[in-house]
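The values are calculated or read from the model by the stated rules, or taken from the named source; none is laboratory data. Computed from a prediction, not measured in an experiment: that's the story for all the values here. Don't worry about glycine lacking a Cβ; one is built from the backbone with ideal geometry, like all the others, and counts go over all protein chains shown.
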Ligand code: TXA
Ligand code: MG
């Protein structure tokens, strides 16, 4: 069965999704990909030719789908109001919610934002990687004000994925890239997730995202590090590496973090957290030894490892959401390691569905 119809796709992901699945009371039926086939996006293997084509599309002012180590991004030229506006329109994203700016190097970052010594220290430890810093825009920063929603700060990171790095090197300009999902939906960790929901010219296929959760966002302010969003690097790891405390966000009104909407990452099915039992009609998102009796089980990590669980989280939420289970029950996940970020995403997924 052809997974994708047109154009010809060179699959880079040879891993079988089914490896992660145990079968519940009824046989697990994989999603029929011909039903959700690549009608909208154009998935391309990340050859140097495809990267050049993607760069041309970007320079021409249109967005592309880009793999990063965290999640797939909907990437556009960050210095073009027009290109950035297309990203907001495609995602149906509220324009008060600013985007993350991806750069090729610390030197490029320094042409956009003011980097105090603490910011430099963090950058030297964690870039390239799944860590974003919110820093003051320089007065002559060329990034579209629309991208940062008119704020005097910019969220910025250097991604680690080789395809993202290659594209950044090719275009040599900052790239604005929110996660490549419709606003409020689960973030994409595979090229096909992007193709299923966004109508764009090209999606570079970098395989399944290794981290699987969005970047950790820190605001750097007055020699203080404030956690705006838990993500792909655990807070304890940051504190240990740089010997500086990361403080929780105590007064959200003081810092504009408009993207921290309560209801987010929402699957279409009801989702129940900290489940200690499971109904025969429910799909179980398991962690460690699965609870018995579910219609279907997706196990985030058989060995109860939060890093492995983070990498599987969105893909398994996608799969359970597309199944014929009535609802999704999620086993408790400890707050250790990447557990804090996983629980943050799960709480947003389970929150009431006012997508404002
Ligand atoms: O891993 C990631 O960060 C992915 C990949 C593609 O890089 N991107 C991502 O972008 O998650 P997005 O747009 O889905 O989330 C960006 C978050 C939003 O919560 C937004 O409000 C916040 O960053 N943000 C952006 N600029 C900000 C700023 N100047 N101040 C505070 N928060 C900001
Ligand atoms: Mg997002």
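Worth a mention:
- A residue that is more than 25 Å from residue 180 (Cβ to Cβ), without any contact (Cβ under 8 Å) to a residue 60 or more places away in the chain, in contact with a helix residue (DSSP H, G or I) (Cβ under 9 Å, 6 or more places away or on another chain) and surrounded by 15 or more Cβ atoms within 10 Å (Cβ to Cβ) occurs nowhere in region 319-329.
- All positions within region 78-95 that are over 13 Å from residue 144 (Cα atoms) and at pLDDT 90 or above: 90, 91
Rundown of residues vs (1) more than 11 Å from ligand 1 (Cβ to nearest atom); (2) over 16 Å from residue 80 (Cβ atoms); (3) out of contact with any helix residue (DSSP H, G or I) (no Cβ under 9 Å at 6 or more places or on another chain), yes/no style:
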| site | (1), (2), (3) |
| --- | --- |
| 147 | no, no, no |
| 156 | no, yes, no |
| 178 | no, no, no |
| 185 | no, yes, no |
| 198 | yes, yes, no |
| 204 | yes, yes, no |
| 208 | yes, yes, no |
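- The condition (being assigned to a loop (DSSP other than H, G, I, E, B), surrounded by fewer than 24 Cβ atoms within 10 Å (Cβ to Cβ) and either within 16 Å of ligand 2 (Cβ to nearest atom) or in contact (Cβ under 8 Å) with a residue 40 or more places away in the chain (or both)) is satisfied by just one residue among 166, 160: 160.
- Once region 210-225 is narrowed to residues that are in contact with a helix residue (DSSP H, G or I) (Cβ under 7 Å, 6 or more places away or on another chain) and assigned to a loop (DSSP other than H, G, I, E, B), the residue that is farthest from ligand 1 (Cβ to nearest atom) is 223.
- Selection count where residues are in a loop (DSSP other than H, G, I, E, B), surrounded by fewer than 24 Cβ atoms within 10 Å (Cβ to Cβ) and touching a helix residue (DSSP H, G or I) at 6+ places or on another chain (Cβ under 7 Å), scope region 59-88: 2
- When the residues of region 233-262 are filtered to those that are crowded, with 16+ Cβ neighbours inside 10 Å and within 16 Å of ligand 2 (Cβ to nearest atom), the one that is modelled with the lowest pLDDT is 259.
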